[in-house]
1. In nm, give the distance between the simple-model label positions of residue 117 and residue 88, each being 7 Å from the Cα along the Cα-to-Cβ direction.
2. By how many nm would the segment from residue 150 to residue 100 lengthen if fully extended, with 0.36 nm per residue of separation less the alpha-carbon distance?
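Quick note: the coordinates plus some simple rules give every number you see, no bench work behind them. Keep in mind the model is a prediction, meaning the values are calculated, not measured. Every residue, glycine among them, receives a Cβ derived from its backbone with ideal geometry; neighbour counts consider all protein chains shown.
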């Protein structure tokens, strides 16, 4: 009798193995289907995000100048850190640097800021953490509101793009001007 059980035992093990393999295959298909559904959801979210961005751009093009605020930016620069042979040259360079800092601020407001970052973790400890912000864009029509010395060694510049200039730029983008 023990001999009959031993001959049937390999068949039973093989049958049990096939049942387990079939069960795993079916559950894997369900899991892959769930992953596919998640991928479809992610794709639809990306489509929604892209359409929202297009709607925002369309809203800007359809906007009146009354709906768009005046954009203002402030830039600062230190005189003593500027290159130059005399104090007058350093002062002029500080004013120029402060103006460029204000222009960068306007570009961030109009075009946004692209941020790239990288973090290295070894043995669950941060070894290196770097980030970089990049602003790229063209600024037209910015006018200088004021140039002020703030303290004994710093200059402040305030720039703005008013509603009339924004209206002109929107009209130019539409092809009306």
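1. About 4.7 nm, to one decimal.
2. 16.3 nm
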